[in-house]
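Peer 1: This is the structure I have questions about; it appears just below.
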Amino acid sequence: YFAFQPENLQKNWLREFYQVVHAHKPHFMALHCQEFGGKNYEASMSHVDKFVKELLSSDAMKDYNRARVYLDENYKSQEHFTALGSFYFLHESLKNIYQFDFKAKKYKKVTGKEIYSDTLESTPMLEKEKFPQDYFPECKWSRKGFIRTRWCITDCAFDLVNIHLFHDASNLIAWETSPSVYSGIRHKALGYVLDRIIDQRFEKVSYFVFGDFNFRLDAKAVVETLCAKATMQTVRAADTNEVVKLIFRESDNDRKVMLQLEKKLFDYFNQDVFRDNNGTALLEFDRELSVFKDRLYELDISFPPSYPYSEDSSQGKQYMNTRCPAWCDRILMSHSAKELILKSENDEKIVIYDHIGPNVCMGDHKPVFLSFRIAAGAGKPIANVHKCCVVQ
């Protein structure tokens, strides 16, 4: 996710990203971006082009001699525009790699570097869909949707799906029910994507779905836990009588304010609860994936909530007081994909699921990455091992 305004944010972002590339040296790398160009993409698309050129020509990426870049930049087409960007880099040491042509229904060898933007609708090398407008009626210009590509490395085929699900429009509405109404909307959209990628049109393969799922903690349960001993004061609008603010105060201790909740304010007095021990205490409230446990697998999370970080470049670890911090950015996979990830022969950590730039401002989302070795043609007696890396 890029808020592209300040130049130094891009520098920070790339530096931290290159460090991860250097540390893991993946042979195949996928980078999925959402809200490409930021909120005011019309003004920011020139930054995007610069970013893409920098990525493709940088010294850090010089050993990646093949690349595919798919940028949905056509914001004039409201019914199709998703603002998704999917980048795929292939290391020179990787010999046979093929990409699936969804129209011809066959794999094509990947050579050279190619960038597709504006015309994603007409490239047969991907499937792209924006969610129907009626999924999230309160957001007229929602850009949420997904892009899917399919790859084959030495007999091992898999889908990579870049996804962006619906956000919480109001903290007050999210707080009303458990699970929240927004959680239900995300559930429906994610179910739609999973059904789509395993439908009858193409052979079923393992899949990785990664991007901004906008998964939130169960707001009602979190607030009740954080403010268990507090008393709640309700502030209503004078003209409409609708609730505009909730104030939770300690019962004693001079009635100190613990939490203030508004449509776009979640101001809790002690952010350490979200950071200590990577916010592990709050993982029990991360419940949106439980509905999909038969269809999706995720490695254990050992990084703090990935959103909403301060966009002040001097505040790399600080959260904004707009939303309850949550693990929005995830890398999920089918149960068959889990089998592809090579189990560690000894105790060295081969599979790593973590975030990028823990101490540096990376925008309001911290990118999340998964690094693993894939047993090519997993299940076959003699497997060539390649390192793989997907970055959200």
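The values are calculated or read from the model by the stated rules, or taken from the named source; none is laboratory data. All of these numbers come straight from a predicted model, not from anything done at the bench. Neighbour counts are summed over all protein chains in view; Cβ atoms, including those assigned to glycine, are modelled from backbone coordinates with ideal geometry. Areas reflect the complete protein model, heavy atoms only, side chains present, ligands, DNA and RNA absent. Shrake-Rupley method; radii C 1.70, N 1.55, O 1.52, S 1.80 Å.
Peer 1: Scan segment 148-158 and tell me whether some residue there is on the phi > 0 side of the Ramachandran plot, touching a strand residue (DSSP E or B) at 6+ places or on another chain (Cβ under 8 Å) and crowded, with 23+ Cβ neighbours inside 10 Å.
Peer 2: Within segment 148-158, not a single residue is on the phi > 0 side of the Ramachandran plot, touching a strand residue (DSSP E or B) at 6+ places or on another chain (Cβ under 8 Å) and crowded, with 23+ Cβ neighbours inside 10 Å.
Peer 1: Would you please name the residue that is surrounded by the fewest Cβ atoms within 10 Å (Cβ to Cβ), looking only at residues in segment 209-251 that are out of contact with any Phe, Trp or Tyr (no Cβ under 8 Å at 6 or more places or on another chain), at pLDDT 95 or above and among the basic types (Lys, Arg)?
Peer 2: The extreme case among them is Arg236.
Peer 1: Let me ask something additional. Yes or no: Arg323 basic (Lys, Arg), under 24 Å from His164 (Cβ atoms), buried (at least 17 other Cβ atoms within 10 Å of the Cβ) and in contact (Cβ under 8 Å) with a residue 24 or more places away in the chain?
Peer 2: Considered against the rule, which asks whether it is basic (Lys, Arg), under 24 Å from His164 (Cβ atoms), buried (at least 17 other Cβ atoms within 10 Å of the Cβ) and in contact (Cβ under 8 Å) with a residue 24 or more places away in the chain, Arg323 comes out as yes.
Peer 1: Same structure, new question: Please indicate, with yes or no, whether at least one residue in segment 290-304 is over 17 Å from the mean Cα position of the chain (by Cα), modelled with pLDDT of 95 or more, open to solvent by less than 70 Å² (accessible area, probe 1.4 Å) and among the polar types (S, T, N, Q).
Peer 2: The answer is yes; a qualifying residue exists.
Peer 1: It is to be established whether one or more residues within segment 272-288 are in a loop (DSSP other than H, G, I, E, B), open to solvent by 60 Å² or more (accessible area, probe 1.4 Å) and more than 22 Å from Glu262 (Cα to Cα).
Peer 2: Yes, segment 272-288 has at least one match.
Peer 1: While we're on this one: Could you list, in sequence order, all residues of segment 100-118 that are assigned to a loop (DSSP other than H, G, I, E, B) and among the aromatic types (Phe, Trp, Tyr)?
Peer 2: Phe102
Peer 1: Does Ala67 satisfy the condition of being buried (at least 18 other Cβ atoms within 10 Å of the Cβ) and on the phi > 0 side of the Ramachandran plot?
Peer 2: The answer is no for Ala67.
Peer 1: From the list Tyr192, Tyr98, Tyr182, which one is open to solvent by 60 Å² or more (accessible area, probe 1.4 Å), without any contact (Cβ under 8 Å) to a residue 60 or more places away in the chain and among the aromatic types (Phe, Trp, Tyr)?
Peer 2: One residue alone meets the criteria, Tyr98.
Peer 1: Sticking with this one: Condition check: within 23 Å of Tyr207 (Cβ to Cβ) and in contact with a Lys or Arg (Cβ under 7 Å, 6 or more places away or on another chain). Does Tyr309 satisfy that?
Peer 2: Judged against the criteria, Tyr309 is not a match.
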